[in-house]
Amino acid sequence: MTVRRRGETKPLSIAAHTPPVSDQEQASQAEVNHWKKKAEQVERLVKLGSFELEFDTGLLSWSDGTYAIFGLPPGTPITVAQAIEFYDIETQALIADRIEIAKQSGEPYDLTVPFQARGGRTGWARMIAQVETINGSARLFGVIRDISRERDAEERLRQQAHGDVLTGLPNRRAFQLYLDQVFEEVRQGAAMALCIIDVDHFKMTNDLHGHAVGDKLLQAIGHRLSATVRTIDFVARLGGDEFAVVLHGVRDKAELRQRASGIVEAARQPLTADQIVVEPSISVGACLLGPKVKGLDAALRQADIALYKAKLNGRDQFCLFQPSFRREVDDHGRLLDEVGIGLARNQFEVHYQPIVDLRTQIVRGWEALVRWRHPTKGLLAPARFMAALMDPKASVAIDDFVLAKSLLQMRQWLDGGIPVTCAGVNVSDAQLKRPDLVPTIMSLLQANDLTPDRLKIEVLETAFVGQATKSVAATIDRLARLGVVSALDDFGTGHASLIHLKQFRVERIKIDRSFVANLGKNGYDQAIVRCMIALGRDLGIRITAEGIETVEQLEILRRLGCDCGQGYLFGRPMHPDDVPDFLVRWHDGAAASLLGQADAVTRSSLRVV
């Protein structure tokens with residue numbers, strides 16, 4: 001600025017002067033800057049930001065913390081339209097609506113919404129905003145915080161509370177909550193069905209192949225169930241190897257059978273886990289949900305009963321609940337309870353039936369046969385408690401009893417000078433598939449000071465069918481190498497017997513009594529028996545015919561070259577105390593008498609010819 005004083009020709013220069021800043025003012029400004037930086041640090045640490053929106057001008061401003069949340073450089077120009085693009089369509093509409101309400105009425109808002117930052121990162125944000133009026137001008141001021149970590153932690157807690165960690169499916173608790181909702185819909189007329197599912201022989205898979213394979217099997221079953229049903233249906237893992245499925249829109253039994261059968265079929269597909277091939281199967285029990293089902297507990301009970309029935313029928317199948325199942329399942333449960341009590345109270349016994357050499361009439365061994373001396377029903381043969389023998393848990397308990405009792409009895413006979421060569425013990429499918437069967441047998445043999453050739457295990461062909469085929473073959477092979485003889489029982493009645501003779505180390509074949517019963521009456525049965533005996537001879541396998549009851553049957557079997565025989569003609573199953581007397585009578589003439597009668601039948605048939 002230039003001015004001239006009056007009477008002076010030389011201009012006077014006056015510079016603009018800013019009053020000096022006092023030390024106090026400088027200190028105050030420094031403190032403001034300090035706390036501003038502190039605030040920015042806090043924003044970054046807690047992922048907090050702030051924003052202002054001037055209603056009059058529409059101008060939006062963000063703090064550095066807000067820019068950081070959305071992945072933008074601080075100071076980047078931002079408009080309201082650009083800001084809401086970080087949210088999905090539904091959330092955009094919600095935010096726009098709440099801003100408009102705040103502008104019109106001054107009502108604050110508190111929203112928790114999902115967002116997607118620049119770069120694709122997704123998360124959750126909580127924004128709290130209120131309207132402020134300064135000098136007559138209204139503006140929206142708010143804070144926003146990235147709560148993605150807290151949200152993820154809440155989801156993990158929810159998963160732990162309502163989800164199964166292994167399969168990712170809802171767990172039992174979530175299933176119960178869902179069923180509560182379902183019954184509300186059923187009361188309003190919705191058509192649904194409930195399925196309870198067990199993985200067949202899961203414990204055996206765990207025992208044979210380890211928990212890692214078992215876990216992968218459960219994961220595969222969970223995935224297959226989810227993939228088979230529709231998106232509106234509900235699949236949960238209840239625990240262990242038990243799953244549940246709620247099927248929507250199922251109005252009748254025919255539709256339920258069709259959909260449940262598809263679930264069973266999907267589960268059958270082979271699974272390779274850790275280079276081990278598993279052939280899984282499931283059993284499914286189901287019931288329709290409708291007005292006749294009185295509550296959640298009743299529905300679960302019906303599905304459980306149907307599942308139990310599916311297992312009784314052989315597993316790997318679907319079973320729809322019927323009221324008549326209740327009594328059958330209850331009877332079966334009572335039988336298993338009684339068997340357990342009977343074993344604990346020593347009500348079971350082992351009786352022995354002789355196996356005779358058809359050429360020399362020498363008693364070659366004895367088959368150990370279980371009997372139940374019931375306190376009210378008397379002495380029961382296995383046919384009277386067959387359902388228990390078909391149950392995996394009960395059959396193993398009975399097998400353990402018979403095996404231990406038979407070997408102990410043999411030791412007692414030998415110590416008493418009774419010439420008993422070996423005992424044949426029936427081994428159930430469940431027993432044969434136990435991984436500890438071989439050491440258990442060898443331990444019992446050692447405890448009774450018996451050589452392995454004193455024991456013969458008799459197995460059915462059904463033990464060779466299913467996913468445990470390789471382990472069964474390995475068990476039989478280990479026993480054979482240790483000296484324990486294996487016999488294939490009821491030969492000719494199972495599946496693909498010739499394949500079993502090729503695949504498994506079987507040293508004895510027992511021809512089923514159904515073929516022996518018609519010898520001399522039915523030419524077809526006699527031809528079949530002739531072929532079986534010839535097959536055994538060619539393969540070097542000894543043949544025993546079961547169920548011999550007549551001298552004519554004995555004569556035909558001797559003539560065909562059968563090695564051994566067993567049946568009422570020689571002796572009924574007897575108490576171990578009766579075995580010594582039987583052997584005395586047998587050696588004193590009973591054997592010679594039978595042999596003479598058979599020879600007489602042979603001579604008679606030759607004269608007729």
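The values are calculated or read from the model by the stated rules, or taken from the named source; none is laboratory data. Remember, predicted model here, so these are calculated numbers, not experimental data. Every residue, glycine among them, receives a Cβ derived from its backbone with ideal geometry; neighbour counts consider all protein chains shown. When the accessible area is computed, the model is the full protein with side chains, heavy atoms only, and any ligands, DNA or RNA have been set aside. Shrake-Rupley method; radii C 1.70, N 1.55, O 1.52, S 1.80 Å.
Remarks
- Phe582 contributes an accessible area of around 20 Å² to the protein surface, as traced by a 1.4 Å probe with all chains present.
- Per residue accessible area of region 63-135, 1.4 Å probe, in Å²: 57
- Three-way shape label, region 192-340, alpha-carbon gyration tensor, a/c 1.5: oblate
- Shape of region 377-465, Cα gyration tensor, a/c cut at 1.5: oblate
- Per-residue SASA remark: Asp436, around 60 Å² accessible (1.4 Å probe; ligands, DNA and RNA not included).
- Protein-only accessible surface order, largest first, of Trp124, Trp413 at 1.4 Å: Trp124, Trp413
- Computed accessible area, Glu328, all protein chains, 1.4 angstrom probe, square angstrom: 80
- Distance from the Cα centroid of region 207-240 to that of region 375-452 is 37 Å (rounded to whole angstrom).
- Surface per residue (accessible, 1.4 Å probe) for region 381-461, Å²: 42
- Normalised per residue, the accessible area of region 237-317 is 46 Å², obtained with a 1.4 Å probe and no contribution from ligands, DNA or RNA.
- Between helix 211-228 and the chain: long-axis angle, C-alpha atoms, 0 to 90°, nearest 10: 70
- Taking every DSSP bridge with both residues inside the chain, close to 75 percent are antiparallel.
- Under-5 Å amide H pairs with Leu59, H placed in peptide plane, nonlocal only: Glu54
- Backbone HN-Hα couplings from phi across region 433-444 [Karplus 6.51/-1.76/1.60, Hz, Gly and Pro as x]: 8, 6, x, 9, 5, 4, x, 5, 5, 5, 5, 5
- Distances between placed amide hydrogens fall under 5 Å for Ile355 paired with Arg364, Gly365, Trp366, Glu367, all partners being 5 or more residues away or on another chain.
- Residues Tyr178, Tyr308 ordered from highest to lowest accessible area at a 1.4 Å probe: Tyr308, Tyr178.
- Highest-first arrangement of 329-341, 357-369, where packing means the average Cβ count within 10 Å: 357-369, 329-341
- Karplus-based coupling profile of region 71-87, in residue order and whole Hz: x, 10, x, x, x, 4, x, 9, 10, 4, 4, 5, 5, 6, 5, 7, 10, with θ = phi - 60° in 6.51 cos²θ - 1.76 cosθ + 1.60 and x standing for Gly or Pro.
- Listed values [x] 175, 53, 46; [y] 148, 63, 35; [z] 73, 68, 45, entry calculated as Cα extents along the principal axes in Å: [x]
- Degrees between helix 523-539 axis and first principal axis of the chain (Cα, 0 to 90, nearest 10): 80
- 0 to 90° range, to nearest 10: angle between helix 89-105 axis and the chain longest Cα axis: 40
- Averaging Cα coordinates gives a centre for region 92-119 and one for region 254-277; these two points are 48 Å apart.
- Proximity of backbone amide H atoms, modeled 1.01 Å from N, is registered between Ala273 and Val278 at under 5 Å, excluding neighbours fewer than 5 places apart on the same chain.
- Three-way shape call for region 113-167 based on the alpha-carbon gyration tensor, with the a/c threshold at 1.5: prolate
- Solvent-accessible area, 1.4 Å probe, carbon plus sulfur percent, for region 286-363: 49
- Within the accessible area of region 97-232, the carbon and sulfur atoms contribute 49%, probe 1.4 Å, all protein chains present.
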